[in-house]
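The structure under discussion appears below in the form of structure tokens.
The values are calculated or read from the model by the stated rules, or taken from the named source; none is laboratory data. Everything numeric here is computed off the predicted structure, so don't read it as measured data. Cβ atoms come from the backbone with ideal geometry, glycine included; neighbour counts cover every protein chain shown. These area figures cover heavy atoms from the full protein model, side chains too; ligands, DNA and RNA do not enter into them. Shrake-Rupley method; radii C 1.70, N 1.55, O 1.52, S 1.80 Å.
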Amino acid sequence: HPDSAARRHATYRDRPDGPSDRAEVAYTLGVIAEARGDAAAAEREYRAALADDPYHAHVRVRLVRLLRAAGRGSDAEAVIAAARALALP
């Protein structure tokens, strides 16, 4: 349930330690927003997560699905192209 998840997550989200932790926080908030039906907030959180960790595959997949579901195929393709352009770590 999104409200329960948000309450539990609130105890952690104010203490992220570094980019990968911030990405996880944003990812989780995006999933919660998506569960609530707030696609705009989910997209913002997913993009924030990718800004902190562009290699976070789960975020990228969820963002692509969200954009495609909204009929924004060209935006989804841009997210995919950005992933393909990443250097291999």
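Checked against the criterion of being of a type in the set (Phe, Trp, Tyr) and surrounded by fewer than 20 Cβ atoms within 10 Å (Cβ to Cβ), the candidates Tyr46, Tyr27, Tyr55 yield just one match: Tyr55.
Among the residues making up region 77-89, those that are among the small types (Gly, Ala, Ser), within 14 Å of Ala57 (Cα to Cα) and part of a helix (DSSP H, G or I) are Ala81, Ala82, Ala83. Taken over region 66-76, the criterion of being surrounded by 13 or more Cβ atoms within 10 Å (Cβ to Cβ) and either assigned to a helix (DSSP H, G or I) or among the acidic types (Asp, Glu) (or both) is satisfied by Leu66, Leu67, Arg68, Asp75, Ala76. Across region 30-43, the qualifying residues are those that are open to solvent by less than 40 Å² (accessible area, probe 1.4 Å) and of a type outside the set (A, V, I, L, M, F, W, C), and the one among them that is farthest from Pro2 (Cα to Cα) is Glu43. Among the candidates Ala5, Ala40, Ala48, Ala10, the residue that is more than 29 Å from Ala87 (Cβ to Cβ), at pLDDT 95 or above and in a helix (DSSP H, G or I) is uniquely Ala40.
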